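Reviewing the structure listed below.
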Amino acid sequence: MRVALISHLPFGAPYLLARLSETHDIVAILHQKKEPDSLKQRLRTLKNCTRDCRQKWLQRQTFLAAKRRMAWNKETRRTARKFANPHCIPDYFVTPNINNDQEALSMLRRSQPEICIVLGGRILKRHVLESVSCTWINAHGGVLPQYRGLWSEYWAVCRGDILNVGSTIHEVTTQVDAGAILSVERTIVNNDETLRMLMMRNHLNLVEHVVKTINDGKVLAKTQRSSIDAESVLFRPPQRALRNALLSSRIRDLVNTCH
């Protein structure tokens with residue numbers, strides 16, 4: 001089966017590519033990267049610096065951005081080429097926003113995928129979903145319909161709902177985590193592990209869940225209910241200043257603190 005991957009997650013994308021390439025052809029990889037600040041905005045923050053200071057700072061930022069991009073590019077290509085069919089090397093494209101990038105959409109159409117997998121990234125607009133005649137699925141790191149949005153593991157733990165920590169594969173729509181549910185799997189929670197470890201473990205389980213769903217043919221099913229109902233809540237991530245402390249906290253402490 002011809003598969004395209006749209007992702008902004010450097011942690012999960014190479015692993016998912018490696019697993020899918022064992023049984024499918026990866027025809028396109030589209031890396032969604034956040035839009036950087038404009039050059040004018042960057043210089044405005046350094047208006048009190050000397051010219052040499054600004055020049056060195058910009059050179060450093062450019063170098064770091066290029067290094068991050070090349071690391072993702074190199075790792076992704078290395079993984080894909082190692083496992084993929086040698087006659088089907090995937091196209092690779094970096095874009096800050098696929099919704100406004102005609103070149104990225106043209107590359108996707110040329111690849112002619114049968115399945116497009118979304119692993120993190122922006123909400124896709126209708127014209128993007130209609131531009132390619134294939135099945136669009138999203139890999140969500142939470143149990144739907146209860147936990148839509150980001151940091152689903154944290155909100156489930158915080159509410160004491162540890163039986164609903166897991167992942168969901170669903171069809172992509174123009175709403176957040178609102179497509180028809182194809183498959184749901186739970187992740188067992190260890191009270192002695194940190195939230196960071198739980199999220200990483202759930203993310204790895206999510207990758208395996210994607211592979212299993214595609215191999216079992218559940219992607220072609222169209223009869224499942226929508227992931228939006230009376231129970232569903234759209235969760236937002238916690239404040240940025242609190243995230244490092246929360247990620248280092250043990251699950252037992254989080255449950256006790258939230259209750």
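The values are calculated or read from the model by the stated rules, or taken from the named source; none is laboratory data. Predicted, not measured: the structure shown is a model, and the values here were computed from it. Virtual Cβ from ideal backbone geometry, glycine too; neighbours counted across all protein chains shown.
Can you name the number of the only condition in (1) in contact with a helix residue (DSSP H, G or I) (Cβ under 6 Å, 6 or more places away or on another chain); (2) without any contact (Cβ under 8 Å) to a residue 24 or more places away in the chain that Leu195 fails?
Only one criterion in (1) in contact with a helix residue (DSSP H, G or I) (Cβ under 6 Å, 6 or more places away or on another chain); (2) without any contact (Cβ under 8 Å) to a residue 24 or more places away in the chain is unmet by Leu195, namely (2).
Of (1) hydrophobic (A, V, I, L, M, F, W, C); (2) at pLDDT below 90; (3) surrounded by fewer than 16 Cβ atoms within 10 Å (Cβ to Cβ), Ala104 satisfies all except one. Which?
Of everything listed in (1) hydrophobic (A, V, I, L, M, F, W, C); (2) at pLDDT below 90; (3) surrounded by fewer than 16 Cβ atoms within 10 Å (Cβ to Cβ), Ala104 misses just condition (3).
Filter segment 1-24 down to residues that are modelled with pLDDT of 85 or more and part of a strand (DSSP E or B), then give me how many there are. Working first, answer last.
The initial filter retains those residues of segment 1-24 that are modelled with pLDDT of 85 or more, namely 1-6, 24.
Then keep just the ones that are part of a strand (DSSP E or B); that gives 2-6.
Total satisfying the criteria: 5.
Quickly run through segment 169-188 and pick out the residues that are modelled with pLDDT of 90 or more, in a loop (DSSP other than H, G, I, E, B) and crowded, with 22+ Cβ neighbours inside 10 Å.
Scanning segment 169-188 gives a single hit, Thr187.
Taking segment 248-259 as the search range and keeping residues that are at pLDDT 85 or above and outside any strand (DSSP E or B), which one is surrounded by the fewest Cβ atoms within 10 Å (Cβ to Cβ)?
Within segment 248-259, the subset at pLDDT 85 or above is 248-254.
This time we only want the ones that are outside any strand (DSSP E or B), so: 248-249, 251-254.
Working: Ser248: 11, Ser249: 16, Ile251: 20, Arg252: 14, Asp253: 13, Leu254: 19.
Once the filter is applied, the top-ranked residue is Ser248.
Where the second residue is in a loop (DSSP other than H, G, I, E, B) and of a type in the set (Phe, Trp, Tyr) and the first is on the phi > 0 side of the Ramachandran plot and lies in segment 136-164, which pairs have Cβ atoms under 6 Å and are six or more apart or on separate chains?
The qualifying pairs do not exist here.
When Ile137 is evaluated against the numbered criteria (1) closer than 27 Å to Met107 by Cβ; (2) surrounded by fewer than 16 Cβ atoms within 10 Å (Cβ to Cβ); (3) not aromatic (Phe, Trp, Tyr), which criterion, by number, is the only one it fails?
All conditions are met except number (2).
Can you confirm whether Ile228 is closer than 29 Å to Glu130 by Cα and modelled with pLDDT under 85?
Working: closer than 29 Å to Glu130 by Cα: yes; modelled with pLDDT under 85: yes.
Considered against the rule, which asks whether it is closer than 29 Å to Glu130 by Cα and modelled with pLDDT under 85, Ile228 comes out as yes.
Would you pick out the residues in segment 198-210 that are touching a helix residue (DSSP H, G or I) at 6+ places or on another chain (Cβ under 8 Å) and surrounded by fewer than 17 Cβ atoms within 10 Å (Cβ to Cβ)?
The first filter runs over segment 198-210 and keeps only residues touching a helix residue (DSSP H, G or I) at 6+ places or on another chain (Cβ under 8 Å), leaving 198-199, 202, 204, 207-208, 210.
Within segment 198-210, Leu204, Glu208 qualify.
Output the residues belonging to segment 115-133 that are assigned to a loop (DSSP other than H, G, I, E, B), surrounded by fewer than 18 Cβ atoms within 10 Å (Cβ to Cβ) and either in contact (Cβ under 8 Å) with a residue 40 or more places away in the chain or acidic (Asp, Glu) (or both).
Passing the criteria: Arg122, Ile123, Lys125, Glu130.
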